[in-house]
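What follows is a set of notes on a single structure, which appears directly below.
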Amino acid sequence: WREANVLKVAAHEVVLAGDEHLSAGHVVVCAGFGSARFAADVPSLSALSPIKGHLLDMTRKSDPALAGRMVRSPWGYFVFYDGLSKFGATMQTGRGDTDIEDSAVASLKDKSLKFTSGLMPAIDEAAVARVGVRAASPDHWPLIGKDAASSVWVATGMRRNGWIYGPYAAEAIIAGLTGAPLPDDAGVYDPNRFN
């Protein structure tokens, strides 16, 4: 693993800051909304739009028995892992900034009170607000497959469902890279459908 600022991608090469070129058998872009910055090189990525989302990290540890669980309600969801509890999340379509908004944080705290109603501890005042930006496509389905113009592989646009689509995306990309048959429904996620 190497952390670097990628400036350009092509089917078999990435260009890093400092004009360093790295060769690869294949290149896969799977960077959420960050993938959109490669749209000039990978035209299918121009279909992506941002969705800003706030979530809250609770400061107290969660019950280890809840690890890996998600509990949903009409007001939001709690996710538990590594002793942490997270509550979220807002969705602000078309917003790509990462500024924390007091009104969004207050709304999440209010919603957490409706959600918990004594069953779970509500969000405390010391909760840490976080912001992320999700990627979305015009039809709300992910982009998973090979960009026709560049031959770069993509797996993005999963909105808030990356944890659901991740295993499928890996299976589809690996099948494409190895020449194995693609999953039957791979056409639904064809990244070229908006070109």
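What is the extension gain from ASP63 to ALA40, computed as 0.36 nm multiplied by their sequence separation minus the C-alpha to C-alpha distance, in nm to one decimal? Each step should come with its number before you reach the end.
Working: separation 23, 0.36 × 23 = 8.28 nm, distance 4.63 nm.
Once the chain is fully extended between ASP63 and ALA40, it gains 3.7 nm.
How high is the FRET efficiency between ASP185 and VAL15 when r is their beta carbon distance and R₀ equals 30 Å, given to the nearest 0.05?
Working: r = 34 Å, r/R0 = 1.13.
With R0 = 30 Å, the Cβ-Cβ based efficiency is 0.30.
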Report summary line: Which residues qualify? For VAL29, with a placed amide H closer than 5 Å and at least 5 residues away or on another chain, they are TRP153, VAL154, ALA155
Query raised in the report: Rounded to the nearest 0.05, what FRET efficiency is calculated for ASP124 and ARG160 with R0 set to 30 Å and r the Cβ-Cβ distance?
Result: 0.80
Query raised in the report: Label 7 Å along Cα→Cβ of MET70; the stretch 132-168 residues with amide nitrogen under 12 Å?
Result: 159-167
Report task. Using θ = phi - 60° and the Karplus relation 6.51 cos²θ - 1.76 cosθ + 1.60, list the HN-Hα couplings for the stretch 184-193 in order, rounded to whole Hz, with x at every Gly or Pro. Result -> 3, 9, 4, x, 4, 9, 3, x, 8, 5
Query raised in the report: In a Debye calculation with equal point scatterers on the alpha-carbon sites of the stretch 49-134 and no solvent, what is log10 I(q)/I(0) at q = 0.10, 0.11, 0.23 Å⁻¹?
Result: -0.23, -0.28, -1.13
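For the chain, take the alpha-carbon Rg, divide it by the Kirkwood Rh, and send me Rg/Rh.
Details: Rg = 19.0 Å, Rh = 18.5 Å.
Taking Rh as the inverse mean 1/r over Cα pairs, Rg/Rh reads 1.03.
No lab work stands behind these numbers, since they all come straight from the coordinates. Everything numeric in this text was worked out from a predicted model, so none of it was measured. Counting neighbours? That spans all protein chains shown, and the Cβs are built from the backbone with ideal geometry, glycine included.
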